[in-house]
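Bear in mind that the values in this text are calculations on the coordinates, not laboratory data. In this text, all values refer to a predicted model and were calculated from it rather than measured experimentally. Quick reminder, even Gly has a Cβ in these numbers, built from the backbone with ideal geometry, and neighbours come from all protein chains shown.
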Protein chains: 2
Amino acid sequence: MTNTEPKRRGRRAGGADTKTALLDAAREVFVERGYEGATVRSIAAKAGVDAAMVNHWFGSKENLFAQAVLELPFDPVVLVARLLDGPPEETGDRIVRTFIAVWDATGGGPFAALVRSVTSHEGVATVLREFFLHNVFGKLAEHLGEDAVDLRATLCATQIIGMGMVRYVLRFEPLASVDVDTLAAAVAPNLQRYLTGDLTP
Amino acid sequence: MTNTEPKRRGRRAGGADTKTALLDAAREVFVERGYEGATVRSIAAKAGVDAAMVNHWFGSKENLFAQAVLELPFDPVVLVARLLDGPPEETGDRIVRTFIAVWDATGGGPFAALVRSVTSHEGVATVLREFFLHNVFGKLAEHLGEDAVDLRATLCATQIIGMGMVRYVLRFEPLASVDVDTLAAAVAPNLQRYLTGDLTP
């Protein structure tokens with residue numbers, strides 16, 4: 001279990017700078033080399049810090065990826081806890097609002113970069129699978145006590161990834177500009193059905 | 001209005017070869033240069049035929065794109081007519097089955113190439129917008145007599161594009177391998193809601 005808040009190992013001058021430098025370096029190196037090619041060592045080297053700082057600030061390469069490329073301001077464990085915090089039947093609504101808030105804040109640039117790197121680097125699909133399926137949507141479906149957890153998780157991925165593609169990469173109007181309330185009203189019930197609805201033929 | 005069946009202008013030896021050569025050339029040129037850079041002239045030159053053959057066999061650059069890159073075996077007008085042919089409440093089901101049949105037949109390779117060219121060439125987003133929104137989903141929503149046609153069309157695009165990304169580009173299991181009946185049972189009601197359901201907050 002990783003954690004975004006580093007354990008304090010005594011006083012560190014310029015700690016926040018180190019964290020920012022690692023995020024900037026990771027963003028570049030992940031997009032340039034894909035997930036597998038982007039070693040912790042190469043990211044630390046680009047940031048000009050010791051490789052141990054990655055573990056210190058992010059706990060894992062996976063969490064560094066989540067924060068640097070998906071720009072999620074918290075690690076997957078915290079994300080799932082937040083998404084589960086409320087009425088189960090409103091989980092879809094919390095998912096849409098959380099992802100849109102995070103991605104809107106950055107104009108979707110990192111999402112577009114991610115899609116570019118997905119199509120050119122096999123390894124990025126692997127980490128996205130790990131992130132979306134095992135760490136987020138799979139955990140949600142599991143907690144909500146449903147069957148067919150893996151299918152439900154992949155269906156949620158189709159909707160969230162498709163929404164990101166249309167809003168930030170393709171920029172189809174009106175979806176690219178609608179406010180989050182309109183978007184949540186439209187998309188959340190569909191996500192909710194993928195999580196807890198009847199999917200049998 | 002374009003048509004996939006060419007008007008016969010007398011007997012043409014090797015006509016089918018010309019058509020195939022144009023499809024192969026178009027696939028390469030669209031992916032290499034994006035939609036705008038891929039002129040009819042450059043595609044014809046690559047295929048070693050006269051530029052008039054594009055109009056003769058495909059009617060328009062847009063239809064050539066639909067057939068060469070999306071690998072749709074019919075032009076958008078025919079596609080919409082097929083999707084509308086049946087009970088309105090089963091339109092979502094027909095959409096899923098039609099796109100999956102077409103894309104499964106080619107292993108999704110062209111879809112992956114399309115996504116690659118979308119992120120590197122602005123013009124491809126434009127033709128995809130034209131294709132998905134105006135020619136297909138917008139027409140469907142319009143025919144089904146709904147309000148908010150443009151929002152509905154973009155929402156359909158999020159689901160179809162997301163499904164294509166997860167099945168053919170990211171290849172997340174089990175969604176990448178489930179049979180079309182399972183996929184249609186899961187996804188069709190969501191598409192149907194985007195087309196004809198209540199989307200208001």
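Let me check against my output: what whole-number percent is the relative contact order of chain B, with C-alpha pairs under 8 Å and at least 6 apart? Intermediate results must be reported in sequence, preceding the final value.
Numbers: 214 pairs, mean separation 44.6, N = 201.
That works out to 22 percent.
Counting only trypsin sites (Lys or Arg not before Pro) that DSSP places in a loop and that have at most 11 other Cβ atoms within 10 Å, the longest clean stretch of chain B runs over B:12-201.
Shown for the protein assembly as shown: lysine pairs separated by 8 or more places, or found on different chains, whose C-alpha atoms are under 23 Å apart, numbering 12.
With its label point defined 7 Å out from Cα along the Cα-to-Cβ axis, A:Ala81 lies at 5.9 nm from the matching points of the other copies, in increasing order.
The alpha carbons of chain B give a radius of gyration and a Dmax of 17.4, 60 Å, in that order.
Comparing B:Leu64, B:Met53, B:Phe132 along the charge dipole axis of chain B, the residue lying farthest to the positive side is B:Met53, per the Cβ-charge model.
Report the charge-dipole magnitude of chain A in Debye, nearest 20, computed about the Cα centre from +1 at each Lys and Arg Cβ and -1 at each Asp and Glu Cβ. Intermediate results must be reported in sequence, preceding the final value.
On the way: 21 positive and 25 negative charges, 175 e Å.
Magnitude of the dipole: close to 840 debye.
The orientation-averaged projected area of the convex hull spanned by the Cα atoms of the protein assembly as shown comes to 21.0 nm².
Candidates B:Val102, B:Gln192, B:Leu114 compared by Cα position along the dipole of the range B:70-196: farthest toward the positive end lies B:Leu114, with charges placed on Cβ. Nearest-to-axis residue in chain B, judged by Cβ distance to the rotation axis that brings B onto A and given in whole Å, is B:Gly162, 1. For the protein assembly as shown, the dipole from Cβ point charges (+1 on Lys and Arg, -1 on Asp and Glu) about the Cα centre works out to 1300 debye, to the nearest 20.
Helix-derived [θ] at 222 nm for chain A: sum -39500 (n - 2.57) over DSSP H runs of at least 4, divide by residue count, nearest 500?
-20000 deg cm²/dmol
Note down the net charge around A:Arg193, summing +1 for each Lys or Arg and -1 for each Asp or Glu among other residues with Cβ under 10 Å from its Cβ.
Working: positive: A:Arg152, B:Arg193; negative: A:Asp198.
Surrounding charge for A:Arg193 is +1.
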